[in-house]
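Each remark here refers to the structure printed beneath this line.
Coordinate-derived values only; no laboratory data. Nothing here was measured: the structure is a model prediction, and the numbers come from that model. No Cβ is skipped: glycine too gets one built from the backbone with ideal geometry, and neighbour counts run over all protein chains shown.
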Ligand SMILES: [Zn+2]
Ligand SMILES: [Zn+2]
């Protein structure tokens, strides 16, 4: 048997805690780990642990025994805990009516019956992101069936569920380990809707939904990135049987790759391969820029391969702050694809052999320059 945690530790209270403190702590933990509510994968075990600790500590006699002997009292477990007895904790009393009433058409019913969100992916090019654009898109989206108003029933032919009396929920007495507790479940007869469709709508077959061609208009914000989501409230899937609010529609942007620019935040980075003669003599390169203007890259003479040239304010709009990023050009030496025999001879004739010391000196000064 695995080591059991101390009951006081489970409830996060000290050994001197009074009834009220125990109850408060149990209440907040039970709300957190109630298996109907919690997303924690281990919620059921945690919930059982909390219940057991509370069942023992809230009973003065059991608490006294536990304080003296811990989990292993002489003569077996008098707690009824994992020893085999049964605790009947009335969760509704302790957790309060509101915890359960939210299952019964209180405030959260609407959100439980909310339609699903829909995500639509949309590609834009870098040009659109540079300026920001308005877009229009026609796609098929689930909408509420017009013939039955989303109810799924022909001519409103719906009856109240007799199994749950129209509540949609039923109370079930359940044995959880050694404990008995009342739990509220969706009625299996009506799937929690409280109503049953007698005659299904012919248009939607009872689903209450119809797929319809829908026109969406939206703006691509300046500087948007891949993964940017635009939310259109209430444009998602309708709620089940039209009883609740629609989900939201998200347009997730994907920014297409540019022919030569890479993005780094608001900066646009490109590499520019040049021949040896252009690096030595200097040159000016003109490229069409994404805003439609001409991007002029001035390469000074004696530029080294690996140096960068920044063109300020020609990048993308900054999403935070104002202004634009820069274009950063990384200059590279482009080796020729082939070389003729006469050129090779000429190079060999011009070649000046350097000593080891001279090579080390060049490496050293290059490293120092980069460090600055
Ligand atoms: Zn029912
Ligand atoms: Zn219909």
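According to the square roots a ≥ b ≥ c of the eigenvalues of the Cα gyration tensor, what is the shape class of region 262-371, taking rounded for a/c under 1.5, prolate for a/b larger than b/c otherwise, and oblate for the remainder? Working shown, then result.
Details: a/c = 3.49, a/b = 1.81, b/c = 1.93.
Oblate shape, in that a/c is at least 1.5 and b/c is the bigger or equal ratio.
Could you give the nm distance between label points at residue 71 and residue 189, where each point is 7 Å from its Cα heading toward the beta carbon?
4.4 nm
Can you tell me the relative contact order of region 262-371? Whole percent, Cα pairs under 8 Å, sequence separation 6 or more.
Numbers: 154 pairs, mean separation 30.5, N = 110.
The normalised contact order for region 262-371 reaches 28 percent.
In degrees from 0 to 90, rounded to the nearest 10, what is the angle of the helix 19-33 Cα long axis to the longest principal axis of the chain?
It works out to around 50 degrees.
Report, in degrees rounded to the nearest 10, the 0 to 90 angle that the Cα long axis of helix 60-69 makes with the longest principal axis of the chain.
With both axes taken from Cα atoms, the answer is about 60 degrees.
What is the distance, in nm, between label points placed 7 Å from the Cα along the Cα-to-Cβ direction at residue 126 and at residue 372?
Reported label-point gap for residue 126 and residue 372 is 3.1 nm.
Going by alpha carbons, how many degrees (0 to 90, nearest 10) lie between the helix axis of 341-350 and the longest principal axis of the chain?
Long axis of 341-350 versus the principal axis of the chain: about 80 degrees.
In nanometres, what is the gap between the two model label sites at residue 139 and residue 252, each 7 Å from Cα along Cα-to-Cβ?
1.0 nm
Could you let me know the centre-to-centre spacing of region 242-274 and region 133-169, using Cα atoms, in angstrom?
Computed from Cα coordinates, the inter-centre distance equals 35 Å.
By the gyration tensor of its Cα atoms, with a ≥ b ≥ c the square roots of the eigenvalues, what is the shape of the chain: rounded for a/c under 1.5, prolate for a/b over b/c, or oblate? Intermediate results must be reported in sequence, preceding the final value.
On the way: a/c = 4.13, a/b = 1.78, b/c = 2.32.
Here the chain falls in the oblate category.
When the chain is fully extended, how far beyond the present Cα-Cα distance does residue 149 get from residue 365, taking 0.36 nm per residue of separation? It would help to have the intermediate numbers written out before the result.
Values: separation 216, 0.36 × 216 = 77.76 nm, distance 7.84 nm.
Taking residue 149 through residue 365 to full extension adds about 69.9 nm, to one decimal.
Which FRET efficiency value, to the nearest 0.05, is calculated for residue 311 and residue 335 with the Förster distance at 22 angstrom and r the Cβ-Cβ distance? Walk me through the intermediate numbers first.
Values: r = 26 Å, r/R0 = 1.18.
E between residue 311 and residue 335, to the nearest 0.05, is 0.25.
Based on the Cβ-Cβ distance of residue 215 and residue 37, what FRET efficiency does E = 1/(1 + (r/R0)^6) give at R0 = 35 Å, to the nearest 0.05? Could the numbers behind the result be given before it?
Values: r = 40 Å, r/R0 = 1.13.
The formula returns an efficiency of 0.30 here.
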